[in-house]
Structures are given as C-alpha cells and as structure tokens.
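S.K.: Would you mind keeping the following structure in view while I ask a few things?
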Amino acid sequence: MLRMTLLGVGTAVPDQDRENTHMVWEATDGLLLIDAGGSTYQRLLRANLDPLKLRGVFLTHSHADHINGLAALLFQLALVRYQRRLPIYGNAPTLALAQRVVEAFELESHQAQVEWIVVAGGQEVPLHAESYRLRVVDTVDPRRSLALRFGERTSGKAR
C-alpha cells in the first residue's frame, strides 16, 4: 500500500478548515511526514494515522509554514513515548534553520530523539524503505527547496 494523505493544503494562513501545507506518505514500512506545518500530530490522528508509525520527516524548504510544527511534534512524540530515533531530511539551509527553531524551544529531554540528515538535489534519500525509493531535485523558489519523486523500488515507476 502506497498512498499520500494531505494533512493541510493551500494556505500559509490556516483557517477553520485548512491547515499549513504538509502531507504524509503511507507505505507498509511506516509513515514519512513531508513538512511539519501546524498541528501535525492532531492532523495525523484526524487522518486515522498513528503518529508512532512515523519513520521520518522530510522538510522541503525553510518557510515558516512548512517547519513551524516540528518542535511541537517532537515534544508530543516524546510525551507518547516514541521509541525510535526520528530521521529528519532536508537540504543544509533548511535543516540548519529547523535545528535552531527546535533548540529555541529548549525541549531538552522532552523531545523525540532525532537524526538530522542533509540531502541534496539529484540524490536518492537513504530511507531504507522496502517498497519505494525517494529521489529529490533542487527547485526554483525564493529559498532553496527540494522537490520529491517517489518511485517503486523494483520498477522505479513514479507513484
């Protein structure tokens, strides 16, 4: 089963029906969160997805509406005793800013353990997923951004 679930779309300013843009890639290996805008933990629950099945977070770029929920998510995962080390992928400038934001919250031991993994355009992301591959390319945006391409592991067919 491979499926993309939209957790929030279409706006940098949430309203009562819409949240900051972020989504989750569902596979048999677990969940890969793409961006962490807004109330990610709650949005996962609303989509009937178990946040404890997160196997990684991919940050496409450093705009606030794509990273503003990361610190809260790490805090909430710690509170529900998330046991894994959560890889967080992104380009170098995005991860540097995200790290500073998380550090500013001074969560200390009240955050899920993370591993910051820098990826660059043209690379395959080292997900260790059984059912799919993820490649990234640089995009044109006011900030350095990465676009994602999911493909079947065996055929490479885009999903």
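The values are calculated or read from the model by the stated rules, or taken from the named source; none is laboratory data. Just so you know, these numbers come straight off a predicted model, no measurement behind them. A quick note on method: Cβ atoms are made from the backbone with ideal geometry, for glycine too, and the neighbour counts reach across all protein chains shown. Just the protein is used for accessible areas: all its heavy atoms, side chains included, with ligands, DNA and RNA removed. Shrake-Rupley method; radii C 1.70, N 1.55, O 1.52, S 1.80 Å.
S.K.: So how many residues does region 125-151 have that are at pLDDT below 90 and open to solvent by 50 Å² or more (accessible area, probe 1.4 Å)?
M.R.: 9
S.K.: Given the conditions (1) touching a Ser or Thr at 6+ places or on another chain (Cβ under 9 Å); (2) among the charged types (D, E, K, R); (3) part of a loop (DSSP other than H, G, I, E, B), and given that D65 satisfies all but one, which numbered condition is not satisfied?
M.R.: Only one criterion is unmet by D65, namely (3).
S.K.: Determine, yes or no, whether L73 is touching a Ser or Thr at 6+ places or on another chain (Cβ under 8 Å), open to solvent by less than 10 Å² (accessible area, probe 1.4 Å), in contact (Cβ under 8 Å) with a residue 24 or more places away in the chain and among the aliphatic types (A, V, I, L, M).
M.R.: When the stated conditions are applied, L73 passes them.
S.K.: With the condition kept exactly as written, say whether any residue in region 98-107 is part of a loop (DSSP other than H, G, I, E, B) and of a type in the set (S, T, N, Q).
M.R.: Looking through region 98-107, none of the residues is part of a loop (DSSP other than H, G, I, E, B) and of a type in the set (S, T, N, Q).
S.K.: Which members of region 26-83 meet the condition of being acidic (D, E) and closer than 14 Å to L7 by Cα?
M.R.: Selection gives E26, D35, D50, D65.
S.K.: Okay, next question. Restricting the search to region 23-55, which residues are at positive phi and in contact (Cβ under 8 Å) with a residue 24 or more places away in the chain?
M.R.: G30, D35, G38
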